[in-house]
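Each reported figure results from applying straightforward, stated rules to the coordinates on display, with no laboratory input. Quick caveat, the model's predicted, so the values are computed rather than measured. For neighbour counting, all protein chains shown are included, and Cβ atoms are generated from backbone atoms with ideal geometry for every residue, glycine included.
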Amino acid sequence: MHRKITGRLVIATHNPGKLAEMRELLAPYGIDAVSAGDLDLPEPEETGTTFAANARIKALAAARAAKLPAFADDSGLAVDALAGQPGILSARWAGPSKDFNAAMTRIERLLQERGATEPAQRGAHFVSALCVAWPDDHIEEVEAKVDGTLVWPPRGSAGFGYDPAFLPNGHERTFGEMTSIEKHGLPPHGLGLSHRAKAFVKLAEICLER
Ligand code: ITT
């Protein structure tokens, strides 16, 4: 049986870009959301080998520590020509200084080394695994992706992480050039375009009531 989210919810991320998106996605549901940072929760080690496993680790750690339901996202960029890299290592490719320009440059260098100059050779997708965990270890989990191609040089300064390099299929602007409503807004205001928005729609179907 699926469990509904009621009352207070911890958003179990230390990434400010994700936190803003997760807050915006939850906003229409009137959930009282507090962040892991606000509660000074420690960051667990992400030892999983899949997005889903890491989302579960983060949500369960926060739920147990805060004694509240906790909502986590594990996500990343998977590049076809790089056999899905950086994938679950997407944050780590930016290093301790979280330098995503350096991470995007590294990907571009690898693509150039493989002669991947045409859009058809530069396919990639973002993945988001979302998990809500309760202090009694009950979990609800969903996952979604958005397909696109990588552009060079990166374009736009909106969003976070790899957004400026990612052109979603069927669009002419990168995530870095889109407003937050365009990237992850839900109907009727947005298209539910991003990996996180698509996963959230699935989560809302099973766990949220307006
Ligand atoms: P938390 O674990 O605290 O949530 P994190 O940044 O370490 O924060 P992840 O381990 O899930 O999170 O790393 C995912 C990385 O993939 C993230 O740092 C971004 O750089 C990138 N990423 C994920 N979603 C993205 C998006 O919507 N736009 C751009 N980059 C994204």
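Of all the listed residues (Gln85, Gln112), the sole one being within 17 Å of the chain's Cα centre (by Cα) and over 22 Å from Glu21 (Cβ atoms) is Gln85. Tell me whether the range 116-123 contains one or more residues that are over 17 Å from the mean Cα position of the chain (by Cα) and within 14 Å of the ligand (Cβ to nearest atom). Checked the range 116-123: no residue is over 17 Å from the mean Cα position of the chain (by Cα) and within 14 Å of the ligand (Cβ to nearest atom). Quick one: is Ala27 small (Gly, Ala, Ser), assigned to a helix (DSSP H, G or I), out of contact with any helix residue (DSSP H, G or I) (no Cβ under 8 Å at 6 or more places or on another chain) and away from the ligand (no atom under 12 Å from the Cβ)? Yes, satisfied.
Looking for something within 12 Å of the ligand (Cβ to nearest atom), among the charged types (D, E, K, R) and closer than 26 Å to Pro164 by Cα - is there at least one such residue anywhere in the range 34-45? Outline the logic, then answer.
Just the residues of the range 34-45 that are within 12 Å of the ligand (Cβ to nearest atom), to begin with: 35-37, 41-45.
Applying the additional criterion that residues be among the charged types (D, E, K, R) yields 43, 45.
Now drop any that are not closer than 26 Å to Pro164 by Cα, which leaves none.
No - not one qualifying residue is present in the range 34-45.
For the range 168-181, enumerate the residues that are over 16 Å from the mean Cα position of the chain (by Cα) and under 9 Å from Thr149 (Cα atoms). Once the filter is applied, which keeps residues that are over 16 Å from the mean Cα position of the chain (by Cα) and under 9 Å from Thr149 (Cα atoms), the range 168-181 yields only Asn169.
Given the criterion more than 21 Å from Ala197 (Cα to Cα), touching a Phe, Trp or Tyr at 6+ places or on another chain (Cβ under 9 Å) and outside any helix (DSSP H, G or I), identify the matching residue among Leu41, Leu68. First the steps, then the outcome.
Numbers: Leu41 fails: touching a Phe, Trp or Tyr at 6+ places or on another chain (Cβ under 9 Å).
Criteria check complete, one pass: Leu68.
Would you confirm, using the coordinates I've provided, whether Ala165 is more than 30 Å from Met1 (Cα to Cα), within 18 Å of the chain's Cα centre (by Cα) and surrounded by 23 or more Cβ atoms within 10 Å (Cβ to Cβ)? Steps first, please.
Values: more than 30 Å from Met1 (Cα to Cα): yes; within 18 Å of the chain's Cα centre (by Cα): yes; surrounded by 23 or more Cβ atoms within 10 Å (Cβ to Cβ): yes.
In short, yes.
Residue count for the range 182-203 satisfying the condition of being surrounded by 15 or more Cβ atoms within 10 Å (Cβ to Cβ) and over 16 Å from the mean Cα position of the chain (by Cα): 2. The residues of the range 124-149 that are over 15 Å from Lys58 (Cβ atoms) and more than 12 Å from the ligand (Cβ to nearest atom), listed by number, are Asp136, His138, Asp147, Thr149.
Taken together, the criteria exclude Ile57 from residues that are in a loop (DSSP other than H, G, I, E, B) and surrounded by 19 or more Cβ atoms within 10 Å (Cβ to Cβ).
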